[in-house]
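Let me begin by presenting the structure, written as C-alpha cells, before commenting on it.
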Amino acid sequence: MPAKNGSGSIDRFLEVFGFLLPLGEWPPAKRHLVLESLNFREMELGTTILREGQVCSSVPFVLDGSIRVFKSAESGREITLYRIEAGESCILSAGCGSGLAAFPASAVTESATSAAFLPSETVKRLFAEGASFRDFVLDQYSRRMAEVMELVEEVAFRRVDERLAQWLQEQCSATPSGLVVATHQELADHVGTSREVVSRILKDWEQRKALEISRGSLRLLPAFEGLREGLKG
C-alpha cells in the first residue's frame, strides 16, 4: 500500500503503532481496511481537539508531539489530568460511543503535534478482535488511572505551596540557570489552583529572596531549596 504524503502517513503510523496490528492477528486484507480508515492531522501548538461535553467520533494516536487532557471549572481554573505523548492514545476518547456519551474533559495540543485518528467503530472492532490492541488499551488505562490517582492524592492531601514548589524544582532540574518560563496562569493550571493564589505565593517567596519574578518567567535563587525543604516539614 503506498504511503500517504507528509509526516502523517501510513508508514509513520506503522512505525509507531504497527505492533497493534500484527499480521498473525490481522491478515493483509483486514489490516488494509483498518489503515485506510485512518485520518491524519498536523496540528499547531494550542489546537483544541475536543471540548468537554462534545461527542468524539474518533480516537487520536499520537505520532509526534503532545496533547494535554484537562478539566476546567466555571471560574476558569484548569487541572491537567494526563498528557498523551508520541506512541500513546487517549483512553477517554476510546470510551466514547461505548460507556461515555460525551467527552468528559478537554484536549489541546501542547506543541506541534502529528496524530492519526481512528473512527470509534474501528477502535471497537480492534478491541474485540485483536489481543495486541486490547493489551495496549488496558495498559494505557492502568497507566492513566495511576496518574489520576496520584493527582487526586496531591490535590486532596498536599498544600498548594508544596505542590508549586515541587513543580518548579522539577522544571529547573533540566535548566541550570534556574529559569522557568511560565505565566502565573500556567503555573496555576499545573497545580490545580487559581492565578491569584499562585501570585500571592510567588510574591511571598520573592520577598523571602527565594526567587525573582519577571514577566512570563521566574528564576529560582539559592534560597529556594531551603524554602522547599521547610514546606515539607
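On the given criteria, is G53 more than 17 Å from the chain's Cα centre (by Cα), under 30 Å from V160 (Cβ atoms) and surrounded by fewer than 20 Cβ atoms within 10 Å (Cβ to Cβ)?
So G53 fits the description; yes.
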Checklist entry - In the stretch 83-127, how many residues are part of a strand (DSSP E or B) and either modelled with pLDDT of 90 or more or open to solvent by 40 Å² or more (accessible area, probe 1.4 Å) (or both)? => result 16
Item to check | Odd one out for S217, checked against (1) closer than 30 Å to M43 by Cβ; (2) within 21 Å of the chain's Cα centre (by Cα) | outcome: (2)
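Test of understanding: among S214, S177, S173, which residue is open to solvent by 30 Å² or more (accessible area, probe 1.4 Å), hydroxyl-bearing (S, T, Y) and modelled with pLDDT of 85 or more? Let's see the steps before the verdict.
On the way: S177 fails: modelled with pLDDT of 85 or more; S173 fails: modelled with pLDDT of 85 or more.
Sole residue among the options that is open to solvent by 30 Å² or more (accessible area, probe 1.4 Å), hydroxyl-bearing (S, T, Y) and modelled with pLDDT of 85 or more: S214.
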Checklist entry - A165 passes all but one of (1) out of contact with any His (no Cβ under 7 Å at 6 or more places or on another chain); (2) under 28 Å from K71 (Cβ atoms); (3) surrounded by fewer than 16 Cβ atoms within 10 Å (Cβ to Cβ); which number fails? => result (3)
Checklist entry - Within the stretch 176-202, which residues are within 22 Å of the chain's Cα centre (by Cα) and hydroxyl-bearing (S, T, Y)? => result T183, T193, S194
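The values are calculated or read from the model by the stated rules, or taken from the named source; none is laboratory data. Predicted model only: the values in this text are computed from it and were never measured. Neighbour counts are summed over all protein chains in view; Cβ atoms, including those assigned to glycine, are modelled from backbone coordinates with ideal geometry. These area figures cover heavy atoms from the full protein model, side chains too; ligands, DNA and RNA do not enter into them. Shrake-Rupley method; radii C 1.70, N 1.55, O 1.52, S 1.80 Å.
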